[in-house]
Amino acid sequence: MTAIAQDHDDLAYNVFAKACPSRGTLEHVTGRWGGLTLGALYEGSLRFNELRRRVDGVSEKMLSQTLHALERDGLVHREAQPTNPPRVDYELTPLGRQVAERLLALIHCVEGSMDDVLASRARYDETRGGL
């Protein structure tokens, strides 16, 4: 058994089990908008519209749903200021920062490998007739 498998066996939760609650959190974190939202908030606290501009392409509805899920999972903290108009800021919790650091490492790996990815796609499309 590998060290990773051994470590996994010692955990109380198993994301590979259908009923494990960690699976839902993993989906929230690794979904397109969840990962980008966590990555954007790693830079610091943002208001909703600032976050929406930073995560280019996300709709207001999807960002709102994503933030609710991440807040429920304890990864994002929402702070509403009793001002007129109301001011709402979002920031990562300590757990959210841990998760975002790991996601950003993956994001940087993907970004740094894009020349290889694009070359691979071109080779694949040439041999398979494209998509």
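The values are calculated or read from the model by the stated rules, or taken from the named source; none is laboratory data. Please read all numbers here as calculations on a predicted model, not as lab measurements. Heads up, the Cβs are rebuilt from the backbone with ideal geometry, glycines too, and the neighbour counts pull from every protein chain shown. Accessible surface is based on the protein model in full, side chains and every heavy atom, while ligands, DNA and RNA are left aside. Shrake-Rupley method; radii C 1.70, N 1.55, O 1.52, S 1.80 Å.
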Open item on the list: Can you compute the charge dipole magnitude of the chain about its Cα centre, using +1 on each Lys and Arg Cβ and -1 on each Asp and Glu Cβ, nothing else charged? Give it in debye, rounded to the nearest 20.
Closed with: 460
- [ ] Could you tell me which chymotrypsin sites (Phe, Trp or Tyr not before Pro) in region 15-44 are loop residues by DSSP with no more than 11 other beta carbons within 10 angstrom of their beta carbon?
- [x] F16
Open item on the list: Over all directions, the average projected area of the alpha-carbon convex hull for the chain comes to how many nm²?
Closed with: 11.8
TODO: Please give the contour-minus-distance gain from S120 to L26: 0.36 nm per residue of separation, less the Cα-Cα distance, rounded to one decimal in nm.
DONE: 31.0 nm
Task: Dipole magnitude of region 67-127, debye to nearest 20 (Cβ charges: Lys/Arg +1, Asp/Glu -1, about Cα centre) - done: 240
- [ ] For the chain, report the accessible area per residue in Å² (1.4 Å probe, heavy atoms, rounded to an integer).
- [x] 72
- [ ] Pick out, from C109, T66, A12, the residue whose Cα sits farthest towards the positive end of the charge dipole of the chain, with +1 on the Cβ of Lys and Arg and -1 on the Cβ of Asp and Glu.
- [x] T66
Task: Dipole in debye (nearest 20) - region 32-91, about Cα centre, beta carbon charges: Lys, Arg +1; Asp, Glu -1 - done: 200
Open item on the list: What is the percent carbon and sulfur in the accessible area of the chain, measuring with a 1.4 Å probe over the protein chains and ignoring ligands?
Closed with: 53
